[in-house]
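Notes for the one structure printed next.
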Amino acid sequence: MKKDIAGFSVDVTEEGYLVSSAQWNKDIAEAIAKELGLGDLTPGHWKVIEFLQKDFAETGKIPTIRRVNKVGNIGTQELYALFPEGPLLKATKVAGMSKPVSCV
C-alpha cells in the first residue's frame with residue numbers, strides 16, 4: 001500500500017514498514033520517528049540506525065538486540081531509552097528496514 005511520509009510517496013506493509021529500503025531517506029526517518037512518538041532523532045538514534053543499516057548491508061540479516069549490544073556497542077538500556085517499548089521494532093522501522101523476524 002502507498003503512504004505519504006514527509007512528502008514522499010512510499011510503499012509500506014500493513015504495519016507501516018517500508019517495502020523497499022531504497023525509498024528511505026533521513027526526512028522519512030524523522031517523520032516515522034515522530035509518528036512513533038520518539039520526537040526528534042538525536043545522535044544516539046542515528047548511531048543505532050546507522051549500525052542497523054551497515055550490519056544488514058554486510059550480513060543480509062537484521063541484527064538482533066544481542067548483536068546490536070555486542071557488535072554495535074550499544075547497550076540494552078541505551079537502546080530501550082532511545083526506542084522505548086519495542087526498541088528493535090521501532091529502530092528498524094525508522095531505519096527503513098523490514099520487521100525483524102525475531103519480533104514476529
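The values are calculated or read from the model by the stated rules, or taken from the named source; none is laboratory data. The structure displayed is predicted, hence computed values, not measured ones. All Cβ positions, glycine included, derive from the backbone under ideal geometry; neighbour counts span all protein chains shown. Side chains included, ligands, DNA and RNA excluded: accessible areas come from the protein's heavy atoms. Shrake-Rupley method; radii C 1.70, N 1.55, O 1.52, S 1.80 Å.
What the table shows:
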read-out: Viscosity 1.306 mPa s, 10 °C: Kirkwood-radius Stokes-Einstein D of the chain over Cα pairs, µm²/s; value: 117
read-out: Other-chain or far-sequence residues with amide H under 5 Å of Val19's (modelled H); value: Asp11, Val12, Thr13
read-out: Degrees separating the helix 43-59 axis from the principal Cα axis of the chain, which is the longest one; value: 90
read-out: Carbon/sulfur fraction of accessible area - the chain, other protein chains in place, 1.4 Å, %; value: 54
read-out: Furthest towards positive pole of dipole, Ser20, Leu52, Asn69, structure part the chain, Cβ charges; value: Asn69
read-out: Cα-based helix-to-principal-axis angle, 26-35 vs the chain, degrees rounded to 10; value: 90
read-out: Selected from Ala29, Ala91, Ala57 as most flexible by GNM, with the chain as the system and alpha-carbon contacts under 10 Å; value: Ala57
read-out: Given charges at beta-carbon only (K, R positive; D, E negative), |dipole| of the chain in Debye; value: 340
read-out: Relative packing of 77-88, 34-45, which averages over residues the other C-beta atoms within 10 Å, highest first; value: 77-88, 34-45
read-out: Straight-distance crosslink candidates among aspartates and glutamates, where the alpha carbon sits under 17 Å from Lys47 and sequence neighbours closer than 8 are dropped; value: Asp27, Glu30, Asp55, Glu58, Glu78
read-out: Per residue, in Å², the accessible surface of the chain once ligands and nucleic acids are set aside, probe 1.4 Å; value: 57
